[in-house]
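The values are calculated or read from the model by the stated rules, or taken from the named source; none is laboratory data. Quick caveat: nothing in here was measured; it's all calculated off a predicted structure. Every residue, glycine among them, receives a Cβ derived from its backbone with ideal geometry; neighbour counts consider all protein chains shown.
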Amino acid sequence: MPVLWTESVPQFGLIAGALAFLLVGYAAVGDPLLGWRAFARLRRTRDTDRGALVRFYRVAMGVHAGWIAAIVLIMLLAPSVVPAHLGLRAPVQWAPLLAAVLGFCLALLIVWLITRDRGKPAAAAGAGTAPLPPIPDPGQALSVLAPRNRGERRAAGALAVTAGVGEELLYRGLLVAFGVSLGLPVWLAAIVSCLLFALAHLYQGWWGLVGPGLLGALFMVVYLGTGSLLIPILVHVGLELRSLLFTGSGRRHRARAL
């Protein structure tokens, strides 16, 4: 298979390579640490400060915009890095997309089968059977991040777009291309990228590693299989909109609880 669906290996050069290296370092260390601190602050002030969530959203959008601007600058500084190296092209193949969807559905089924009996009462599990410890609610982080009024919903919609575009360009597009330029095989660069993407969501607890980790692997399979980052970007934005706008404590969720 051609390298990243192109006939050439991307060459970043000294200045663009240094900037790409800084982005990799930020993705590995800075983003997890800053995300953890920012979310911990938001969790403490969410119910007492009405503007806390919107400020959190704006900071995140600023970070995403910084990533996008830095990637554009890298491409300007390294003319040999063409848009196709970052997946900015139409899909080359469609069959891997179907295979990725089927594989991800199978993974979800396995997770559901493993966890469906955890947390049930002892009587439901059977006489003499000790109940398994309950699994922490993976929606706790989303309940903090979910908007509760119109202004927060507008900001959440904007955040979904910047997250979908910025995270895909950084974790799927740039990191894989930069890894290949350093001599790594595509598959190894992809694994490193998926690990860094999961680590960036560590602030959500164990679910931040499992849920976004699986999604990141799915996006990577779709990207490498189709040769296009456009599909992962669209799916990522859609999932962000769904997770932010359809979770939380709004009218929809109060009605569901009732």
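Of the residues Val111, Val101, Val81, the single one that is closer than 30 Å to Ala20 by Cβ and modelled with pLDDT under 95 is Val81. Just checking, does the range 6-19 include any residue being part of a loop (DSSP other than H, G, I, E, B), among the acidic types (Asp, Glu) and under 25 Å from Trp187 (Cβ atoms)? Yes, the range 6-19 contains at least one residue that is part of a loop (DSSP other than H, G, I, E, B), among the acidic types (Asp, Glu) and under 25 Å from Trp187 (Cβ atoms).
Scan the range 117-169 for residues that are modelled with pLDDT of 75 or more and over 24 Å from Leu196 (Cβ atoms) and the total you get is 14. Quickly run through the range 144-155 and pick out the residues that are within 18 Å of the chain's Cα centre (by Cα) and in a loop (DSSP other than H, G, I, E, B). If the condition is that a residue be within 18 Å of the chain's Cα centre (by Cα) and in a loop (DSSP other than H, G, I, E, B), then Ala146 is the only one that fits.
Condition check ((1) at pLDDT below 90; (2) aliphatic (A, V, I, L, M); (3) loosely packed, with under 13 Cβ neighbours inside 10 Å; (4) closer than 17 Å to Ser193 by Cα) across all residues:
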residue: Val3; (1), (2), (3), (4): yes, yes, no, yes
residue: Leu22; (1), (2), (3), (4): no, yes, yes, yes
residue: Val29; (1), (2), (3), (4): no, yes, yes, yes
residue: Phe39; (1), (2), (3), (4): no, no, no, no
residue: Leu42; (1), (2), (3), (4): no, yes, no, no
residue: Arg46; (1), (2), (3), (4): no, no, no, no
residue: Ala52; (1), (2), (3), (4): no, yes, no, no
residue: Arg58; (1), (2), (3), (4): no, no, no, no
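When the range 202-231 is limited to residues that are in contact with a helix residue (DSSP H, G or I) (Cβ under 6 Å, 6 or more places away or on another chain) and within 22 Å of Ile74 (Cβ to Cβ), the one that is surrounded by the fewest Cβ atoms within 10 Å (Cβ to Cβ) turns out to be Met220. Checking each residue in the range 180-201 for being buried (at least 16 other Cβ atoms within 10 Å of the Cβ) and of a type outside the set (A, V, I, L, M) picks out Ser181, Ser193, Cys194, Phe197, His201. With respect to the conditions (1) closer than 26 Å to Gly173 by Cα; (2) without any contact (Cβ under 8 Å) to a residue 60 or more places away in the chain, Thr45 falls short on a single one, namely (1).
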